Amino acid sequence: ACNLLTPAESGNHGGMYPNLFDAHPPFQIDGNFGFTAGLAEMLVQSHLTIESSITKPEFLIHLLPALPSAWPNGFVSGLLARGGFIVDMTWKKEILSSASIFSRNGGNCHLLLGKRLVNYVLKPHETLVLGADLTRQ
């Protein structure tokens with residue numbers, strides 16, 4: 001995995017091209033998509049909740065579950081979470097500043113940040129805007 005983050009050089013097997021494609025010959029789809037999926041999982045994870053049923057599934061969205069210390073400030077947009085939720089968020093000094101959750105389908109949205117767990121019920125196509133403490137803005 002460490003080789004994937006190094007720039008690819010002529011004659012070097014490994015690394016990453018400027019367009020973020022894996023330089024391992026031959027083309028390695030798991031390197032290209034697996035790496036980006038791993039990065040996304042460090043920022044947002046989503047799971048089916050224990051309480052959900054087959055007829056009415058509910059999902060837990062964990063925000064910033066494994067933020068690298070090398071990224072103390074940043075933002076991400078368009079990360080897809082289970083249940084038809086789309087997550088945008090910003091953070092400063094390794095702490096969430098704001099988050100926006102768009103719901104394609106509507107339903108219960110359980111959010112986890114550190115040890116704080118909150119629940120919101122969203123309508124289809126509703127956007128939930130949250131502050132650093134996960135309260136509605």
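The table below lists the values:
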item	result
For the chain, alpha-carbon Rg relative to the globular expectation (2.2 N^0.38 Å, N residues)	1.23
Antiparallel bridges, percent of DSSP beta bridges restricted to the chain (to nearest 5)	85
Between helix 29-43 and the chain: long-axis angle, C-alpha atoms, 0 to 90°, nearest 10	40
Intensity falloff of region 73-137 expressed as log10 I(q)/I(0), Debye formula with alpha-carbon point scatterers, at q = 0.28 Å⁻¹	-1.35
Nonlocal Lys pairs with alpha-carbon distance under 27 Å, the chain (8 or more apart, or different chains)	5
Test item: Cα-centred dipole of region 54-137, Lys/Arg +1 and Asp/Glu -1 on Cβ, debye	100
Sequence of Thr90, Thr49 from largest to smallest accessible area, 1.4 Å probe	Thr90, Thr49
Residue-level accessible surface for Arg104, protein heavy atoms, 1.4 Å, Å²	120
Selected from Pro18, Pro124, Pro65 as most flexible by GNM, with the chain as the system and alpha-carbon contacts under 10 Å	Pro18
In sequence order, calculated HN-Hα J values of region 96-108 (Karplus, 6.51, -1.76, 1.60; Hz; x Gly/Pro)	4, 9, 7, 8, 10, 10, 9, 10, 6, 10, x, x, 6
Of Asn119, Met89, Ser69, farthest towards positive along the dipole that unit charges on Lys, Arg, Asp, Glu beta carbons give the chain	Asn119
Heavy-atom accessible area ranking, 1.4 Å probe, most first, across Val121, Val129, Val76, Val87	Val121, Val129, Val76, Val87
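The values are calculated or read from the model by the stated rules, or taken from the named source; none is laboratory data. Source: prediction; values computed, not measured. Cβ coordinates were reconstructed from backbone atoms using ideal geometry, including for glycine residues, and neighbour counts include every protein chain displayed. The accessibility values were calculated without ligands, DNA or RNA, using every heavy atom of the protein model including side chains. Shrake-Rupley method; radii C 1.70, N 1.55, O 1.52, S 1.80 Å.
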